[in-house]
Amino acid sequence: MDKALYNIISNAFKFTPNEGTIEVVAKTHTKFETDYVSISVSDTGMGISVDEQQSVFERFYTNKNSKIDNTNGIGLSISYDLIKLHHGQVLVSSELGKGSTFTIEIPIDKAAYSAQEITNTLPTILDSDELETIYEDEIMEEQEHYSPDNSVNVLIVEDNEDILFTIRNILQKQYNVYTASNGAMALEIVKDNNIDIIVSDVMMPEMDGLELCRTIKGDLETSHISILLLTAKNRVEDRIECYEAGTDGYISKPFDMKVLVARISNLLNKKKQKQQEFKANREIKIETLGYPSLDEQFLTDAVKIIENNLSDSDFNIDTYSTLLNLSKSSLYRKLKTMTSLSPNEFIRNIRLKHACQMLKDPSISISEVAYSVGFTDPRYFSTCFRNEFEMTPTEYQKAQN
């Protein structure tokens, strides 16, 4: 009820000019031998034409007479669905230029509800952040086969508070969620946090989604972050513009939340597949992973630097990050996202891949291979090799020959 009423009152404030009035009236009445409560919210705003009054409860409805960019969004739709859950209704009466009245009416007799719908204890008052809406219920069954992953950070960039609230409420059941109302704010969040996926609207003030996408994808330190763009523009040219900006996916508004949840899951699964493929492959084949050119070049450079220092057992992260022209924290974030390996693990993985190539020669000893790829202890080399490829260097060499 808190959320339903909040959305209706908030809507009244949006469309009532300065010096106007908003009135909230609550009263009880009896109808068909059942007690009801009715709560009306009246304003002296711009009003709604008769032919549009039946559309105000549709998702992403926009008042044609409004000069406000972000109008009803989904707030009234949420209120409508929540009141239906209470076996009630929301009515609207309005006249252009004179204002509108929205009236909530719900039964307050126990007989109006089933046993499953009644609780005998006073509920804890929920903060609006915790409140579940009908849109969350719609996709809960779809989410059951997804395991919550608290290691994934998702950033939602959306200037419409209603849409932002709904997306955040649903995604935070699975991921760590950050929010921003425009691209400029999003960039500040990206600087200070290890973001995995950005879900962004296209049309926003200060910095729009396309500029945000171009900035993220054009910076080596952030180019690995996946981006999904949401937009009401549906022309082919608009889609081309989104993909030219570097987006990993495009979803048209209005959209089904189940689609967004599935697209995010799909992006994460593809990323994990690339990570596993890179780590498990005993050869270095970066070009087969399908990374964008900037990320592919980064990995190529990262491998080449290790190869140039392959036998140097003193080669360390400080030297490595300097040669790649990245801070140690940026290097860690970049490699971890692209390969699931820390810088130390990545260096060891490349050394072991080269060891695999050398072990194809039956005349070379395990110790020689170990020293050649930067290990000072052949036993430790054998342990690392077995952990990486699930067989000892000796077993591998025999299998190859």
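The values are calculated or read from the model by the stated rules, or taken from the named source; none is laboratory data. These numbers come from a predicted model, not from an experiment. Heads up, the Cβs are rebuilt from the backbone with ideal geometry, glycines too, and the neighbour counts pull from every protein chain shown.
Scanning the range 362-386 for residues that are more than 22 Å from residue 312 (Cα to Cα) and not small (Gly, Ala, Ser) yields a single hit, 362. Right, residue 376: assigned to a helix (DSSP H, G or I), loosely packed, with under 15 Cβ neighbours inside 10 Å, at negative phi and β-branched (Val, Ile, Thr) or not? No. Residues in the range 333-359 that are assigned to a loop (DSSP other than H, G, I, E, B) and at pLDDT below 90: 340 alone.
Every residue, every condition in (1) aromatic (Phe, Trp, Tyr); (2) surrounded by fewer than 16 Cβ atoms within 10 Å (Cβ to Cβ); (3) farther than 19 Å from residue 190 by Cβ, yes or no:
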position	(1), (2), (3)
224	no, no, no
233	no, yes, yes
248	no, no, no
268	no, no, no
271	no, no, no
275	no, no, yes
283	no, yes, yes
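Of the residues making up the range 285-296, those that are surrounded by 14 or more Cβ atoms within 10 Å (Cβ to Cβ) and either among the aliphatic types (A, V, I, L, M) or over 26 Å from the mean Cα position of the chain (by Cα) (or both) are 286, 289, 294. Exactly one residue among 321, 330 is assigned to a helix (DSSP H, G or I), in contact with a Pro (Cβ under 8 Å, 6 or more places away or on another chain) and either assigned by TED's automatic domain parsing to the domain that holds residue 195 or among the hydroxyl-bearing types (Ser, Thr, Tyr) (or both), and that residue is 321. The C-beta contact set for the range 286-309 (first residue free of Cβ contacts under 8 Å to residues at least 40 places away in the same chain and more than 24 Å from residue 214 (Cα to Cα), second residue assigned to a helix (DSSP H, G or I) and not acidic (Asp, Glu), distance under 8 angstrom, 6+ apart or interchain) comprises 305/320; 305/323. Among residues of the range 182-211 being assigned to a loop (DSSP other than H, G, I, E, B) and among the aliphatic types (A, V, I, L, M), the one that is surrounded by the fewest Cβ atoms within 10 Å (Cβ to Cβ) is 203.
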